[in-house]
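The values are calculated or read from the model by the stated rules, or taken from the named source; none is laboratory data. Not measured: the values here are computed from a predicted model. Cβ sites come from the backbone with ideal geometry, for glycine too, and all protein chains shown count toward neighbours.
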Amino acid sequence: MGKGAIQLIIVLMSIALLGTAIIQFYYIKQTVDESEKRFNADVLDALNRVYERLREEAQSKPKYSGASFLKDKSDLTFGKILHPKKYSKNSIEGYRQELNSSFYELNTDYLFKEINNKSLKAFIEQEFNNEAIDLNYEYGVYDNAKQSFFIVNDVYVSQFDDAPLSSSGDAIVDEEVNLSNSPHRIEIFGTEDNSPPGSLRVFFPGKTTFLWSSVWTSLLGSLLFTSLILFCFIYSINTILRQKEVSNMKTDFINNMTHEFKTPIATISLASDSMMSSKIIGNKEKLTKFIGIIKQENKRMLKQVEKVLQMAMLDKKNFQLNLTQVNLHEVINEAVENANLKVASKSGKVTGILDAKTNQIEGDRLHISNVVHNLLDNANKYTTEVPDIKVFTEDTKAGVKIIIEDNGIGMDKDALKHIFDKFYRVHTGNLHDVKGFGLGLSYVKAIIDAHKGKIDVKSEVGKGSKFILTFPIKVSD
């Protein structure tokens, strides 16, 4: 799959996921909005019934007790009723009859301010129960003339207070603000001729939580499945990218392997053809030379095949370490000596600084030797200038530490993440003579892990690399 196709899949899947999430949230939000509309309608119905019950309670009171519904009792004596309506009767009895028939037209302000708080509280509780409204709420009666509440919850608020009080005597500041802004309100004790003196308002602090709690299972399920799809999508894309990278590395491996085998095969073929010549068959010296070339190239191919087979065995976990007592310093000295022969062509040197007092460990001598040889070989291959390679040993609590330090081209942070992956080869820029299958460091890591050791790498581009290997004294420990 090409890079463009992968990018297209990522874009299309992202759009699909985003669209699905938006649609789901839209329908959930629509459900919440519908629930809110029903809730608001139920609250309004309950408040209207509360007001009707307040009116009925006012009607049931005695209407003439000292003309209590008039703004000024003396007005009754002088035949004056403070209402814009004109009366034609002249007797006090007539006024009383008119008062009786025009109960709500006389003094709605008085009726409004004489609301019985206990009755109001009981009415609200009963009507909310009838509508199955089971939420904590705050209620208040608002005076339009004074632009303040004179009843908040179950308390008459003093007009001289700066803020209304709760039943505990504490000032109610937030509740007043919320009551003032609450959409749940009705105007009360208004008439056709007079504007309402005030309003009854209710505020539900937990309304939003209540509305969303009705859809929380749908919302949770939507989030869960969307997250699951998103996880699978990210995992799939990551797998595709990883497989593409592995595919590229395998292609590179096959190309390198073909090149590595092509040269010795061509050399062997050429040597074989030469040996069949009549001039060579009779020349023992030349015959011996060509046989040596064939043997050397055959050994070279065998070595490459052995590397591939070793990695296959390591991958299948189908190998066992041949544990013996290994003298690390002895192994390192042999590897340093061998490496010095290779770096001599570049006028370089490999130095062993073996300071560890403990040099005997339990391990597989062959594999440990291969690990050191591989690292020294890499240090030489990836050094463009005169190689200056150092090998240190140190004692640690965990065992023995081997440090291989070079002055090569180094690696960036991205390369350090992948150097132990199979078939991965560090990009060498203009350095084209670095050959290999990309199996060396993968093999090193596998052997270190098999010995229950640790490996760490520190590197900087242009300043070389440092490989730090730690082997335990005993693998069994």
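Can you name the condition, by its number, that THR108 falls short on among (1) surrounded by 13 or more Cβ atoms within 10 Å (Cβ to Cβ); (2) modelled with pLDDT of 80 or more; (3) not acidic (Asp, Glu)?
(2)
Please go through region 355-388 and give me each residue that is within 26 Å of LYS454 (Cβ to Cβ) and surrounded by fewer than 16 Cβ atoms within 10 Å (Cβ to Cβ), ordered by number.
Correct list: ASP355, LYS357, THR358, GLN360, LEU366.
Looking at region 424-459 only, could you name the residues that are within 16 Å of ASP412 (Cα to Cα), surrounded by 13 or more Cβ atoms within 10 Å (Cβ to Cβ) and at pLDDT 85 or above?
The answer is VAL457, LYS458, SER459.
Can you say whether ALA339 is surrounded by fewer than 18 Cβ atoms within 10 Å (Cβ to Cβ) and either part of a helix (DSSP H, G or I) or over 46 Å from the mean Cα position of the chain (by Cα) (or both), as far as the supplied structure shows?
no
Conditions (1) assigned to a helix (DSSP H, G or I); (2) at pLDDT below 50; (3) of a type in the set (A, V, I, L, M), marked per residue:
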residue	(1), (2), (3)
LEU8	yes, no, yes
ILE15	yes, no, yes
ASP33	yes, no, no
PHE39	yes, no, no
LYS86	no, yes, no
LYS89	no, yes, no
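Can you give me the number of residues within region 178-234 that are of a type outside the set (Lys, Arg) and assigned to a helix (DSSP H, G or I)?
Residues in region 178-234 being of a type outside the set (Lys, Arg) and assigned to a helix (DSSP H, G or I): 29 in total.
Show the residue pairs meeting these rules: Cβ distance below 7 Å; 6+ apart or different chains; first residue within region 105-132 and closer than 16 Å to PHE149 by Cβ; second residue modelled with pLDDT of 90 or more and part of a helix (DSSP H, G or I).
Pairs found: ILE124/VAL50.
Farther than 16 Å from VAL308 by Cβ, surrounded by 14 or more Cβ atoms within 10 Å (Cβ to Cβ), over 60 Å from the mean Cα position of the chain (by Cα) and of a type in the set (Lys, Arg): does that describe LYS289?
yes
Would you check which residues across region 389-423 are surrounded by 16 or more Cβ atoms within 10 Å (Cβ to Cβ) and either outside the structural domain of SER442 (by TED's automatic domain parsing) or among the hydroxyl-bearing types (Ser, Thr, Tyr) (or both) and list them?
Residue satisfying the conditions is THR393 alone.
It is to be established whether one or more residues within region 237-259 are farther than 30 Å from LYS3 by Cβ and small (Gly, Ala, Ser).
Scanning region 237-259 turns up no residue that is farther than 30 Å from LYS3 by Cβ and small (Gly, Ala, Ser).
Quick one: is PHE203 in contact (Cβ under 8 Å) with a residue 40 or more places away in the chain, surrounded by 15 or more Cβ atoms within 10 Å (Cβ to Cβ) and under 30 Å from THR31 (Cβ atoms)?
So PHE203 fits the description; yes.
Report, ordered by the first and then the second residue, all pairs with beta carbons closer than 9 Å, sequence separation of six or more or different chains, a first member in region 335-351 that is of a type in the set (A, V, I, L, M), and a second member that is part of a loop (DSSP other than H, G, I, E, B).
Filtered contacts from region 335-351: ALA339/PRO387; VAL343/THR383; VAL343/VAL386; VAL343/PRO387; VAL350/PRO387.
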